[in-house]
Amino acid sequence: QVQLVESGGGLVQAGDSLRLSCAASGHTFSLYVMDWFRQAPGKEREFVAALSRNGGNTYYADSVKGRFTISRDNAKNTVDLQMNNLKPEDTAVYYCAARLILVRVNTTYAYWGQGTEVTVST
C-alpha cells in the first residue's frame with residue numbers, strides 16, 4: 001500500500017555522479033527493507049542495492065559495489081542512491097522498491113515506484 005516516487009534521473013557522461021531519491025508515503029516506512037532495482041532496454045529488471053529497516057546493513061550487486069551507495073532517512077520517508085563513476089552499462093530505468101518481510105509467515109509484500117531514467121553517455 002506504500003506509494004513510492006523516484007526522482008533525480010537524467011543524462012550524464014561516463015565518470016559523472018548522480019543521486020537518485022525515492023519518496024515514500026505512509027507512516028510505516030521504517031518497517032520496510034528498501035531496494036533499488038534497474039531495468040536496461042531489452043533486459044530484465046535486476047537488483048542494484050538494498051538497505052535494512054534501520055539502515056545498519058547494506059547490500060549491493062557486484063556490478064555497482066564500490067560505486068553506488070544506498071541510504072535512508074526514516075524521519076523523511078526517503079531512500080537515496082548515490083551513484084559515482086557512472087558507466088554506460090548503468091543506463092537503465094531505476095526503480096525504488098519497498099519490502100515488508102513477515103518472517104513468521106514466510107511472506108513478503110513488495111511495492112514499486114514508477115521509475116526514473118538514467119542515461120550514461122560515452
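Annotations for the structure displayed:
- Residue match in segment 28-50 (condition: in contact (Cβ under 8 Å) with a residue 40 or more places away in the chain, surrounded by 13 or more Cβ atoms within 10 Å (Cβ to Cβ), more than 22 Å from Ile101 (Cβ to Cβ) and out of contact with any Gly (no Cβ under 6 Å at 6 or more places or on another chain)): yes
- Number of positions in segment 30-70 that are in contact with a strand residue (DSSP E or B) (Cβ under 8 Å, 6 or more places away or on another chain), within 16 Å of Trp112 (Cβ to Cβ) and not in a strand (DSSP E or B): 2
- Filter result (surrounded by 12 or more Cβ atoms within 10 Å (Cβ to Cβ) and assigned to a helix (DSSP H, G or I)) within segment 77-95: Asp90
- Residue satisfying all of: in segment 106-122; open to solvent by less than 80 Å² (accessible area, probe 1.4 Å) and touching a residue at least 60 places away in the same chain (Cβ under 8 Å); farthest from Val5 (Cα to Cα) among these: Ser121
- For Leu20, the conditions (1) modelled with pLDDT of 95 or more; (2) more than 18 Å from Val120 (Cα to Cα); (3) open to solvent by less than 40 Å² (accessible area, probe 1.4 Å); (4) of a type outside the set (S, T, N, Q) all hold with the exception of (2).
- Filter pass, Val103 being surrounded by 15 or more Cβ atoms within 10 Å (Cβ to Cβ) and either at pLDDT 95 or above or among the hydrophobic types (A, V, I, L, M, F, W, C) (or both): no
Residue-by-condition table, conditions (1) more than 15 Å from Gln1 (Cα to Cα); (2) part of a loop (DSSP other than H, G, I, E, B); (3) charged (D, E, K, R):
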position	(1), (2), (3)
Leu20	yes, no, no
Ala75	yes, yes, no
Ala97	no, no, no
Leu100	no, no, no
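The values are calculated or read from the model by the stated rules, or taken from the named source; none is laboratory data. No experiment lies behind these values; they were computed from the predicted model shown. Every residue, glycine as well, gets a Cβ built from its backbone with ideal geometry; the counts of neighbours run over all protein chains shown. Surface accessibility is based on the protein's heavy atoms, side chains included, excluding ligands, DNA and RNA. Shrake-Rupley method; radii C 1.70, N 1.55, O 1.52, S 1.80 Å.
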